[in-house]
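S.K.: The structure's right below; bear with me while I get my questions together.
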Amino acid sequence: MERSSWCGPRTFTPLTNVHESSCMNQTSQNDSSPTEASTPVSVQMGTKALLCCPRISGTKPIVLITWKITLRGQPPCLISYNVETNEIGEVNCTDRRITWAFTPDQSPDLQINKVALGHEGNYSCQTASPEGHFQKRHDLQVLVPPEVTLFPGEKRAAVCEAIAGKPAAQISWTPDGYHVTKNESHSNGTVTVRSTYHGEHSNVSAVFCFVSHPTGNQTLSTELNKGDDKALRSYIPYIVSSAIFVLIVAGCICLLKICGFRKCKWTRPEASPVVEEDEMQPYASYAEKNNPLYDTVTKVEACPALQGEVNGTDWLALSATEI
């Protein structure tokens with residue numbers, strides 16, 4: 001599936017890096033104490049980190065500055081500066097990106113150019129003076145901004161990813177709805193967060209993905225698919241073939257009906273001629289006029305009442321007269 005690193009409006013809110021400022025204004029009462037707990041320091045990868053040495057409020061000057069750097073999986077690195085002899089010493093230090101912020105005689109602070117994941121570890125600064133030894137420790141944590149993507153998924157879903165971030169990003173959705181979030185850890189300490197918003201059972205047309213991370217916050221938006229177009233396209237061949245089959249069957253039925261109708265029409269027997277009543281009228285008139293028997297029957301049928309009143313003698317006389 002094709003992915004796009006930008007989909008819809010995007011907003012980005014950067015967070016201030018606390019360790020790109022000067023160390024000059026960071027003097028506190030704790031700096032004069034001989035021991036101090038480790039201070040966590042978060043620096044974004046690719047930026048510059050400034051690590052501060054304790055400021056001594058006494059009147060006597062510092063005679064020795066020593067940085068002890070303990071990176072994960074590596075032997076300790078020692079960087080020292082002797083104020084009296086103006087000598088700089090290094091032991092097991094190979095990373096040239098870790099240097100003095102200025103010159104040791106001007107500032108005891110340490111600087112890291114283009115911080116990488118390999119710079120995570122403990123940085124301890126020790127200063128020695130006639131008044132005693134002082135120490136300040138930093139626990140450096142490297143922040144990796146994630147690559148944020150948002151793209152539509154299947155069945156009206158949206159997938160928001162925060163890829164290879166450190167620490168793991170936090171993902172939330174607007175409007176709030178059912179979503180599933182999974183984390184995948186990588187060998188270098190980064191984490192990919194993948195959150196899938198399921199909108200198949202809602203009428204939401206667009207969603208916003210909000211990614212929260214110490215390096216900055218981002219907001220992306222995308223529209224949800226109206227339907228599963230991919231699934232519909234997969235059914236198109238079956239729909240077309242079914243429609244063609246139905247048309248073929250309907251055509252065959254119509255053809256059979258037409259052939260059957262013509263066959264019945266060709267074999268239909270001819271109807272016998274019907275003698276119309278009007279054509280028989282002349283012959284009927286002639287029969288009435290020239291047939292005495294027909295006339296007698298007609299007269300008898302015309303007078304059924306009189307027929308019932310004639311006695312036997314009259315009937316014989318009537319019959320003799322007609323004959």
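The values are calculated or read from the model by the stated rules, or taken from the named source; none is laboratory data. In this text, all values refer to a predicted model and were calculated from it rather than measured experimentally. Cβ atoms come from the backbone with ideal geometry, glycine included; neighbour counts cover every protein chain shown. What goes into the accessible areas is simple: the full protein's heavy atoms, side chains included, and nothing from ligands, DNA or RNA. Shrake-Rupley method; radii C 1.70, N 1.55, O 1.52, S 1.80 Å.
S.K.: Using a Förster radius of 22 Å, what is the FRET efficiency between Ser202 and Ala168 based on their Cβ-Cβ separation? Nearest 0.05, please.
M.R.: In this case the efficiency is close to 0.20.
S.K.: In nm, what is the difference between 0.36 nm times the number of residues separating Asn82 and Ser187 and their Cα-Cα distance?
M.R.: Contour length minus the Cα-Cα distance gives 33.8 nm.
S.K.: OK, next. Over the heavy atoms of Lys68, what accessible area does a 1.4 Å probe trace out, to the nearest 10 Å²?
M.R.: Approximately 100 Å² for this residue.
S.K.: Strictly over 23 Å apart at the Cα level, which of Lys48/Lys182; Lys60/Lys136; Lys155/Lys182; Lys114/Lys182; Lys68/Lys114 would you flag in this model?
M.R.: Where the Cα-Cα span goes over 23 Å, the pairs concerned are Lys48/Lys182; Lys114/Lys182.
S.K.: For the stretch 92-98, in order, what is each residue's ³J(HN,Hα) by Karplus, 6.51 cos²θ - 1.76 cosθ + 1.60 with θ = phi - 60°, in whole Hz (x at glycine and Pro)?
M.R.: 6, 10, 10, 7, 6, 6, 9
S.K.: Through the Karplus equation 6.51 cos²θ - 1.76 cosθ + 1.60, θ set to phi - 60°, convert the phi angles of the stretch 41-48 into ³J(HN,Hα) values in whole Hz; use x for Gly and Pro.
M.R.: 10, 10, 9, 6, 4, x, 9, 9
S.K.: Sorting Phe102, Phe208 by accessible area (1.4 Å probe), largest first, what list results?
M.R.: Descending order: Phe102, Phe208.
S.K.: Under the rule of at least 5 residues apart or a separate chain, name every residue whose amide H is placed under 5 Å from the amide H of Gln141.
M.R.: HN-HN under 5 Å from Gln141: Val41, Ser42, Val43.
S.K.: Could you look at the stretch 102-177 and say what percent of its accessible area is carbon and sulfur, using a 1.4 Å probe and all protein chains?
M.R.: 50 percent
S.K.: Which length gain, in nm to one decimal place, applies between Thr47 and Ser241 when the Cα-Cα distance is subtracted from 0.36 nm times their residue separation?
M.R.: Extending this stretch completely gives an extra 63.6 nm.
S.K.: Cut-off 16 Å, label point 7 angstrom out along Cα-to-Cβ of Lys226: give me the residues of the stretch 197-215 whose amide nitrogen falls inside.
M.R.: 203-206
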